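See structure below.
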Amino acid sequence: SGKDFIAAVVAGYEVQIRFSLALGPSDHYDRGYHPTATCGVFGAAVAAGKLLGLDADAIENAFGIALSQAAGSMQFLADGAWTKRSHVGQAAQNGLICATMAGEGFQGPKQAFEGKWGFLFAYAPNGDPAKVVDGLGETWKTLELAVKPYPSCRYTHAAMDALAVLRRDNDIDVDDIEGVEIGLPETGWKIVGNPEDDKRNPKSIVDGQFSMPFCAAVMLREGTLSWDHYGSHLQDEQTLALGRRVSTVVDPRAEALFPANMAGAARVRTTSGTYEAFVEIPKGEPDNFLSKAEFLQKFNDLCGPYLSEASASRLATGLLTLDEANSVSSVMGFGRTAQ
């Protein structure tokens, strides 16, 4: 049922988020791991295990099995490889397999997280098991999730919001822009701003998603960034030239707010003056959440190439009322392109 499915998803989210926090995200990144993948397999194992009706012992075994499946390297940043996408499906697939194996009696190692070679110690230097269980069942980390309005690395979003404000309020003509400076927290700068020459010259969609200069250039030209903009702007010399005038630095204000907020600053220098804006809470965070209309706009933009307007509307309605559905399969059926 829809309610059972939602409960399982929330259980998975709680596990995945809590392990991400317990590892120390920056430490985990610095070791070259992609937490969506490494933590995701445990979340998927829990979600699948709950739907399969596994008891506590079986869930513990699923965790142990998943410990040997937790993988995902950030090396895709070096050349725009496609593994960034496969990590998500791989984590989901492996989590389901781990839960299924545990349900059939396969034994996984105990203390998958806190053991000597467990996840919290093998994958980061300062893992903190206490953060996993602090307030578990009372404080819901799932409610702290953000939803990204733009299809790019989350660290680019606050600065993009700032650029959107500057563009709107000052009627900035891109032809008049002499230079742009973007300020980010250090962790974000490492991922989307450094090395500067590479970030200013993206070659692939993945490069673009993790390039602050590219995302800033598209935002200044379009006023937004959607998935289809990658195909058009990665080959657009005007956009690329504008991106080469974008520099990215560590901003002390953004750093002071991190990790509670992924803040960002933007300074645009034009022939007629310099304009600045600072965004503390990017759009999509719980305290600056998307409206229902904004959710639907993003959903329709993504579904547009594949579903008719009527089919997309049926699927959206089904998802928004998922808690009332007797069968998740009936809702997912609306996503078939033949409808």
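The values are calculated or read from the model by the stated rules, or taken from the named source; none is laboratory data. What you see is a predicted model; the values in this text were computed from it and never measured. Note that we place each Cβ from the backbone using ideal geometry, even for glycine, and neighbour counts take in every protein chain shown. In case anyone asks, the SASA skips ligands and DNA or RNA and just uses the protein heavy atoms, side chains included. Shrake-Rupley method; radii C 1.70, N 1.55, O 1.52, S 1.80 Å.
The figures follow:
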quantity	calculated
Inter-residue pairs, beta-carbon under 7 Å, first modelled with pLDDT of 95 or more and in region 274-293, second crowded, with 18+ Cβ neighbours inside 10 Å and of a type in the set (Asp, Glu), 6+ apart	VAL279/ASP161; PRO282/ASP161; LYS283/ASP161
Any hit, region 85-101, residues being open to solvent by less than 60 Å² (accessible area, probe 1.4 Å), assigned to a loop (DSSP other than H, G, I, E, B), on the phi < 0 side of the Ramachandran plot and among the hydrophobic types (A, V, I, L, M, F, W, C)	no
SER68 being open to solvent by 50 Å² or more (accessible area, probe 1.4 Å), under 17 Å from GLN107 (Cα atoms) and either of a type in the set (Ser, Thr, Tyr) or modelled with pLDDT under 95 (or both)	yes
Matching helices (runs of 4 or more DSSP H) fully within region 132-226 where at least 2 residues are out of contact with any His (no Cβ under 8 Å at 6 or more places or on another chain), open to solvent by 30 Å² or more (accessible area, probe 1.4 Å) and of a type outside the set (Asp, Glu)	157-170, 186-192
Matching residues, region 115-131, being touching a residue at least 12 places away in the same chain (Cβ under 8 Å), assigned to a loop (DSSP other than H, G, I, E, B) and under 15 Å from ALA70 (Cα atoms)	GLY118, TYR123, ALA124
Yes/no for GLU60 being on the phi < 0 side of the Ramachandran plot and free of Cβ contacts under 8 Å to residues at least 40 places away in the same chain	no
Number of the condition not met by LEU54 [criteria: (1) farther than 21 Å from ILE6 by Cα; (2) part of a loop (DSSP other than H, G, I, E, B)]	(1)
Unmet criterion (only one of (1) open to solvent by less than 90 Å² (accessible area, probe 1.4 Å); (2) within 14 Å of PHE42 (Cβ to Cβ); (3) more than 19 Å from the chain's Cα centre (by Cα)) for GLU114	(1)
Filter pass, ALA22 being of a type in the set (Gly, Ala, Ser), open to solvent by 10 Å² or more (accessible area, probe 1.4 Å), farther than 20 Å from PHE210 by Cα and in contact (Cβ under 8 Å) with a residue 24 or more places away in the chain	no
Condition broken by THR239, with the remaining ones in (1) modelled with pLDDT of 95 or more; (2) open to solvent by 20 Å² or more (accessible area, probe 1.4 Å) satisfied	(2)
Verdict on PHE258 being touching a residue at least 40 places away in the same chain (Cβ under 8 Å), among the hydrophobic types (A, V, I, L, M, F, W, C) and open to solvent by less than 70 Å² (accessible area, probe 1.4 Å)	yes
Boolean, PHE289 is closer than 30 Å to ALA162 by Cα and among the hydrophobic types (A, V, I, L, M, F, W, C)	yes
